[in-house]
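The values are calculated or read from the model by the stated rules, or taken from the named source; none is laboratory data. This is a predicted model, so every value here is computed, not measured. Backbone-built Cβ (ideal geometry, glycine too); neighbour counts: all protein chains shown. The protein model used for the area step is the full one, side chains on, heavy atoms only, and it has no ligands, DNA or RNA in it. Shrake-Rupley method; radii C 1.70, N 1.55, O 1.52, S 1.80 Å.
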Amino acid sequence: GKRMKGVVISKPIMYGNVATELLTRKTDHTHKWTVFLRGANGQDISYFIHKVEFKLHETFVNNNRTFKSPPFEVSETGWGEFEIITKIHFPPASGEKPISLYHMLKLYPPDSLGQSWPKGKPVNNFFYDELIFSEPTEEFYEILTKG
Ligand code: SLL
């Protein structure tokens with residue numbers, strides 16, 4: 001569709017992971033973790049998102065996880081840190097290309113704090129960011145502004 005000259009719309013998001021050490025272990029898995037994409041203040045983001053793909057390390061079964069509705073998140077257990085690619089797809093009518101976010105899954109506290117880290121205290125590694133839509137189509141503008 002027709003693009004709206006000079007219009008820029010930004011949507012605040014939070015993405016990243018939380019992890020906690022498993023205190024009782026049945027396997028070589030040492031942590032449970034959740035990687036997520038959310039509205040920055042918990043607001044709904046699903047109305048302008050078509051689907052979200054999380055690409056995990058290939059050591060995970062079905063390492064491509066796709067969600068068409070919220071929550072956009074994956075919870076797993078594992079033993080190692082790796083980079084997660086989060087690919088956000090927008091509605092077909094938007095004409096927008098998917099956006100890929102690259103996130104390092106963190107399980108361990110920073111080295112400088114490791115000695116004093118209480119057992120079972122979550123490690124947080126998530127960030128504020130913004131999705132910027134420049135000159136959206138009229139169709140996508142309708143979607144973006146109805147939220
Ligand atoms: C490392 N390069 O060696 C990284 C890879 C992969 C972590 C980490 C698998 C869990 C499962 C898992 O935790 N992989 O078997 O389901 O540290």
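A few comments on the model shown:
- Selection within segment 108-130 - at pLDDT below 95, open to solvent by less than 80 Å² (accessible area, probe 1.4 Å) and either in a helix (DSSP H, G or I) or in contact with a Ser or Thr (Cβ under 8 Å, 6 or more places away or on another chain) (or both): L113, G114, G120
- Residue match in segment 67-74 (condition: open to solvent by 20 Å² or more (accessible area, probe 1.4 Å), touching a helix residue (DSSP H, G or I) at 6+ places or on another chain (Cβ under 7 Å), farther than 14 Å from H103 by Cα and more than 11 Å from the ligand (Cβ to nearest atom)): yes
- For segment 13-36, the candidate set comprises residues that are over 20 Å from D129 (Cβ atoms) and of a type in the set (A, V, I, L, M); within that set, the residue that is surrounded by the fewest Cβ atoms within 10 Å (Cβ to Cβ) is L23.
- On the stretch given as segment 1-57, residues that are touching a residue at least 60 places away in the same chain (Cβ under 8 Å) and of a type in the set (S, T, N, Q) total 5.
- Near pairs, Cβ below 7 angstrom, 6+ apart or cross-chain, from segment 58-69 (closer than 23 Å to S46 by Cα) to any residue that is modelled with pLDDT of 95 or more and aromatic (F, W, Y): R65/F54
- Selection from segment 50-66 of residues that are in contact with an Asp or Glu (Cβ under 7 Å, 6 or more places away or on another chain), within 13 Å of the ligand (Cβ to nearest atom) and open to solvent by 70 Å² or more (accessible area, probe 1.4 Å): none
- Looking only at segment 105-147, and only at residues there that are in contact with a Phe, Trp or Tyr (Cβ under 8 Å, 6 or more places away or on another chain) and without any contact (Cβ under 8 Å) to a residue 24 or more places away in the chain, the one that is nearest to S75 (Cα to Cα): P109
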